[in-house]
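Here's the structure we're looking at; comments come further down.
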Amino acid sequence: MKKKICILGSTGSIGKSTLEIISKNRNDFDVILLNGNSNFRLLISQAKKFKPKYIYSSNFYLTEKIKYFCIKNKIIIINDLNLLKKIKFDITIAAISGIAGLLPTLNIIKFSKKILIANKESIICGWKFIYKELKKNNCSFVPIDSEHFSIFNLIENKNMNSIKNIYLTASGGPFFGKNINLKKVTPLQAIKHPNWKMGKKISIDSANLMNKILEVIEASLIFNLPISKFKIIIHPQSLIHAVVEFKNGLSSMLYHHNNMKIPIANSLYSNFYINKASSNNLSFKKNLSFHDADIKKIPSIKILKLTKILNDKGFILINSLNEILVEKFMENKILFTDIVHKLLSILDSKVVKNHLKNHQIRHIKDVFKTYNFSRSLVN
Ligand SMILES: NC(=O)c1ccc[n+]([C@@H]2O[C@H](COP(=O)([O-])OP(=O)(O)OC[C@H]3O[C@@H](n4cnc5c(N)ncnc54)[C@H](OP(=O)(O)O)[C@@H]3O)[C@@H](O)[C@H]2O)c1
């Protein structure tokens with residue numbers, strides 16, 4: 001039987017990679033729901049090819065652009081996932097970028113047997129709510145961020161107490177080892193990642209290594225381990241994605257070609273995926289190099305030393321402030337280096353310390369209150 005597939009963020013980099021895998025394996029999958037935000041042309045071309053039953057869009061302007069196409073092709077447009085009825089997707093891929101992915105991810109769980117989450121910001125801001133929904137709805141979960149996918153596989157059937165440290169590798173981004181004035185970096189330069197083809201926000205996060213900070217937080221939540229167990233190492237080839245060091249003296253690492261289709265395809269197929277999609281030639285023969293992540297050269301690492309901030313409220317603040325600052329950089333309103341400098345100085349301010357003391361995250365609404373509070377802190 002074909003697996004029923006739902007893709008949140010189908011017009012993005014992860015969404016497109018997922019659809020490329022599906023298009024080569026049409027007998028295995030039936031795409032039931034697609035979703036985009038602004039790229040209506042791509043959404044229409046995806047819908048022409050995959051003929052979904054539903055398009056989900058919470059963006060009024062996109063809905064206006066696609067409504068005649070949908071009527072003509074008998075596709076139901078919904079602006080709220082709770083309007084779905086009597087449906088269970090075999091697999092959902094949650095790949096909207098930013099905190100905008102949190103509510104759709106939470107809402108789709110009850111309609112899904114299994115969810116592959118790429119959207120790290122939703123995990124960082126709402127893991128306890130996501131986890132509760134997963135349990136309540138008996139929905140299984142696989143992280144497909146490559147580092148987390150690797151850890152997930154490396155620690156399968158292992159006793160969590162046997163783990164000494166977990167190393168997350170970082171490519172170092174486009175400026176690693178280069179003698180350039182980071183203050184003059186433009187958004188166009190920052191999104192040119194040396195190894196991965198990704199969306200703009202994650203590419204900028206990779207350029208100043210904020211992506212790695214977010215990934216450490218994401219991993220600590222998913223695997224329920226303290227932040228102090230996680231270390232960042234620079235590995236410019238991006239072929240090893242994580243290393244788990246066990247207390248018995250053994251370490252395991254996971255190698256795969258730097259193509260997101262590998263974690264996605266292996267998660268879509270559980271254990272049965274045979275690699276037809278990517279040319280995994282003899283790239284393992286390359287020299288692999290690893291370097292310490294130098295806190296003097298990479299100021300974002302200081303965030304992981306702010307122990308008083310490293311809690312659920314602090315995680316939401318770190319993520320939200322970063323999202324807002326990246327937005328400002330993309331609009332050329334602040335310098336590339338300001339993203340981390342401003343983030344560090346706001347996190348260290350009295351107003352943030354007071355906020356952390358006086359607010360609790362009890363309800364999903366509190367997450368968005370914290371996001372709005374973050375916006376008020378960035379000028
Ligand atoms: N790309 C990777 O290799 C990679 C690897 C690991 C993890 N991730 C994570 O996966 C997520 C997606 O990354 P990506 O690189 O695929 O991003 P992307 O290429 O920028 O795509 C983002 C997707 O989210 C939609 N979207 C953006 N803003 C939205 C909003 N306000 N409301 C609703 N939908 C919105 C976009 O729609 P439109 O394009 O139609 O506007 C698009 O479908 C991120 O959380 C990222 O950290 C990505």
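The values are calculated or read from the model by the stated rules, or taken from the named source; none is laboratory data. These numbers come from a predicted model, not from an experiment. Cβ atoms come from the backbone with ideal geometry, glycine included; neighbour counts cover every protein chain shown. To get the accessible areas, we keep the full protein, side chains included, count just its heavy atoms, and leave off ligands, DNA and RNA. Shrake-Rupley method; radii C 1.70, N 1.55, O 1.52, S 1.80 Å.
All told, LYS65 meets the bar of being at pLDDT 95 or above and more than 10 Å from the ligand (Cβ to nearest atom). Do the conditions hold for ASN73, that is, is it open to solvent by 40 Å² or more (accessible area, probe 1.4 Å) and touching a Ser or Thr at 6+ places or on another chain (Cβ under 6 Å)? No; evaluated as a whole, the condition is false for this residue.
Counted as qualifying within segment 70-119 are the strands (runs of 3 or more DSSP E) with 2 or more residues that are without any contact (Cβ under 8 Å) to a residue 60 or more places away in the chain and hydrophobic (A, V, I, L, M, F, W, C), namely 76-78, 114-117.
Of the residues making up segment 154-183, those that are open to solvent by 90 Å² or more (accessible area, probe 1.4 Å) and either farther than 17 Å from LYS297 by Cβ or under 21 Å from the mean Cα position of the chain (by Cα) (or both) are GLU156, ASN157, LYS158, ASN159, ASN161, LYS164. Cβ-Cβ contacts under 7 Å between residues 6 or more apart (or on different chains), taken from a first residue in segment 213-238 that is over 22 Å from TYR255 (Cβ atoms) to a second residue that is of a type outside the set (Lys, Arg) and part of a loop (DSSP other than H, G, I, E, B), are listed as SER220/PRO226; ILE227/LEU310. Which of the residues spanning segment 227-261 are open to solvent by less than 40 Å² (accessible area, probe 1.4 Å), in a loop (DSSP other than H, G, I, E, B) and in contact with a strand residue (DSSP E or B) (Cβ under 6 Å, 6 or more places away or on another chain)? Of everything in segment 227-261, those that are open to solvent by less than 40 Å² (accessible area, probe 1.4 Å), in a loop (DSSP other than H, G, I, E, B) and in contact with a strand residue (DSSP E or B) (Cβ under 6 Å, 6 or more places away or on another chain) turn out to be HIS235, LEU239. Checked against the criterion of being β-branched (Val, Ile, Thr) and either more than 9 Å from the ligand (Cβ to nearest atom) or surrounded by fewer than 17 Cβ atoms within 10 Å (Cβ to Cβ) (or both), the candidates ILE21, ILE14, ILE7 yield just one match: ILE21.
Each residue in segment 24-52 was checked for being closer than 15 Å to GLY12 by Cβ and either within 9 Å of the ligand (Cβ to nearest atom) or part of a helix (DSSP H, G or I) (or both), and 11 pass. Taking the condition surrounded by fewer than 21 Cβ atoms within 10 Å (Cβ to Cβ) and aliphatic (A, V, I, L, M), does ILE334 pass? Against the criterion (surrounded by fewer than 21 Cβ atoms within 10 Å (Cβ to Cβ) and aliphatic (A, V, I, L, M)), ILE334 qualifies.
Please specify each residue of segment 186-201 satisfying the condition of being more than 10 Å from the ligand (Cβ to nearest atom), part of a helix (DSSP H, G or I) and open to solvent by 40 Å² or more (accessible area, probe 1.4 Å). Passing the criteria: LEU188, GLN189.
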